[in-house]
Amino acid sequence: IKVKVMPMGTGQALRTAREGNCDVVLVHAPQAEQEFVEQGWGVNRRQIMYNDFVIAGPNEDPAKIKGMRSASSALKKIAVAREIFVSRGDRSGTHQKEEELWAAVGLEPSGKWYCSVGSGMGQTLTIAEEMRGYVLTDRATYIKFRSKIHLEVMVEGDDLLQNPYAVIAVNPQRHKHVKYKLAMKFIEFLTSDAGQKLIADYRLDGEALFHPWPKQGAGSAVMTGSQKS
């Protein structure tokens with residue numbers, strides 16, 4: 001099977017799937033995934049791997065959040081201090097997680113200190129670096145970009161920062177043209193021992209970016225597949 005990967009935020013990925021413009025999605029926003037399946041757009045959701053989110057910020061740490069165990073409390077402290085926070089603002093899984101953290105402390109951030117940029121994670125990290133602001137990022141992208149930026153991990157380890165990834169086939173009853181059988185082969189590969197080992201063994205700068213989902217078998221990308229001739 002030849003796989004074409006189209007990287008995009010989870011919100012856009014699920015919209016693309018609803019429009020019938022892909023065969024399978026790999027996403028990381030559990031509530032949005034559940035709605036996608038319950039509304040009949042996706043079938044056979046499988047959890048495949050996980051990593052975590054962290055709050056990163058400038059080493060001078062003006063809001064004094066470094067080492068805090070509660071991510072939501074750290075965001076509240078940033079808001080009270082009106083220190084710069086850079087948000088993806090793009091309905092991605094990361095943005096949805098950020099909204100969940102703000103909601104946990106009853107805040108709807110606004111004002112000059114809160115910068116919603118509508119960009120992908122890499123670009124958002126670059127902007128946060130330029131503005132010397134705080135940012136919520138998945139750890140994998142932070143590891144990829146940390147040699148180019150001077151932001152440090154300030155908050156990590158909160159259970160709310162868990163970041164599970166799932167793969168979902170687009171429902172062929174909604175879009176009869178989708179390559180459902182090939183999508184399921186791809187899903188079966190990702191959840192197989194071989195696929196899970198590839199996830200476990202993948203490293204960047206010596207660090208694992210993702211961890212296989214614990215046995216009992218869910219960024220973001222959408223994928224389309226076509227059978228090789």
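General observations
- Prolate/oblate/rounded call for the stretch 101-207, Cα gyration tensor, a/c under 1.5 rounded: prolate
- Derived scalar couplings ³J(HN,Hα) [the stretch 193-204; Karplus, 6.51 cos²θ - 1.76 cosθ + 1.60; whole Hz; x for Gly, Pro]: 4, 5, x, 5, 5, 4, 4, 5, 8, 6, 9, 9
- Across the stretch 30-147, the fraction of Cα-Cα pairs farther apart than 19 Å, rounded to a whole number, is 48%.
- Summing Cβ point charges (Lys, Arg +1; Asp, Glu -1) relative to the Cα centre of the chain gives a dipole of roughly 760 debye.
- The overall shape of the stretch 84-132 is oblate: from the C-alpha gyration tensor, with semi-axes ordered a ≥ b ≥ c, the ratio a/c is 1.5 or greater and a/b is no larger than b/c.
- Residue order by solvent-accessible surface for I127, I55 is I127, I55, largest first, with ligands and nucleic acids left out and a 1.4 Å probe.
- Residues with amide H under 5 Å from that of S116, placed H, sequence gap 5 or more: S87
- With both labels modelled 7 Å from their Cα along Cα-to-Cβ, the R203 to E60 distance reads 3.7 nm.
- What a 1.4 Å probe finds exposed on the stretch 1-155 is 48% carbon and sulfur by accessible area, rounded to a whole percent.
- Solvent exposure of the chain amounts to 50 Å² per residue of accessible area, where only protein heavy atoms count and the probe is 1.4 Å.
- Cα-derived Rg to Rh of the chain, Kirkwood definition: 1.00
- Protection proxy ranking, peptides 161-173, 100-112, average beta carbon neighbours within 10 Å, highest first: 161-173, 100-112
- Using only alpha-carbon positions in the stretch 164-206, the gyration tensor eigenvalues give semi-axes of 28, 11, 8 Å once each is multiplied by 5 and square-rooted (largest first).
- Unsatisfied cross-links (Cα-Cα over 27 Å) in the set K181/K215; K64/K144; K77/K215; K2/K197; K76/K112; K66/K144: K77/K215
- Protein-only accessible surface order, largest first, of R174, R139, R146 at 1.4 Å: R174, R146, R139
- Stretching R174 away from E152 to a fully extended chain increases their span by 3.4 nm, per 0.36 nm per residue minus the current alpha-carbon distance.
- Around the amide H of L151, modelled in the peptide plane, lies no amide H under 5 Å away from a residue 5 or more places distant or on another chain.
- Proximal aspartates and glutamates to K97, defined as alpha-carbon separation beneath 19 angstrom and excluding residues fewer than eight positions away on the same chain: E33, E35, D52, E108, D138, E156, D158, D159
The values are calculated or read from the model by the stated rules, or taken from the named source; none is laboratory data. What you are looking at is a predicted structure, and each value in this text was computed from that prediction instead of being measured. So basically every Cβ, Gly included, is an ideal-geometry build from the backbone, and we count neighbours across all protein chains shown. We work out accessible area using only protein heavy atoms, side chains counted, and drop any ligands, DNA or RNA first. Shrake-Rupley method; radii C 1.70, N 1.55, O 1.52, S 1.80 Å.
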